[in-house]
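Asks: Mind having a look at this structure? Questions to follow.
The values are calculated or read from the model by the stated rules, or taken from the named source; none is laboratory data. Predicted model, so just to flag it, every value in this text is computed and none were measured. Every residue, glycine among them, receives a Cβ derived from its backbone with ideal geometry; neighbour counts consider all protein chains shown.
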Amino acid sequence: MFRQLGIKYDGTPVPLEADPSFWSATKEEIDKQAQGCGPGWFGDYLIPDSVWGGLSIKRACRIHDYSYFLGIDKGLADLRFLHNMERIIIACTKWEWLKRLRLSQAQLYYKVVSYAGDSAYAADKSNKIVNII
């Protein structure tokens, strides 16, 4: 499901995709499960919430984190993450050379979560089970 979220430099909203429960969740509910791009603390320095030139992709990261929490298929969650980053970058980048740099960084983020995100996905699924019980 698409929703208008995020703002282009000219003020036009950027449509991002997320599970319907993300759109109906309160900020507090999302904050509990979705921090941003990095794993927290020092890891946030290594994996920033922005791509080249300071463009924030934090909303794409928060949607991705929340998708893991919901237990949505990992492959779908990871692809949605990539597509949301691409939407933000394409909508908010004026210069083609910078757009290419940013899109390559988005590809790197995607590859990392695709290949190395299994433990985070499993942890979120087990936390959800504990929270339900």
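Asks: Give me the residue from the stretch 113-122 that is surrounded by 13 or more Cβ atoms within 10 Å (Cβ to Cβ) and assigned to a helix (DSSP H, G or I) and, out of that set, modelled with the lowest pLDDT.
Replies: If we take residues in the stretch 113-122 being surrounded by 13 or more Cβ atoms within 10 Å (Cβ to Cβ) and assigned to a helix (DSSP H, G or I), then A120 is modelled with the lowest pLDDT.
Asks: Identify, by number, the condition in (1) modelled with pLDDT under 95; (2) of a type outside the set (S, T, N, Q); (3) assigned to a helix (DSSP H, G or I) that I72 doesn't meet.
Replies: Result: I72 passes all but (3).
Asks: Quick check: is even one residue across the stretch 27-46 at pLDDT below 90, polar (S, T, N, Q) and outside any helix (DSSP H, G or I)?
Replies: yes
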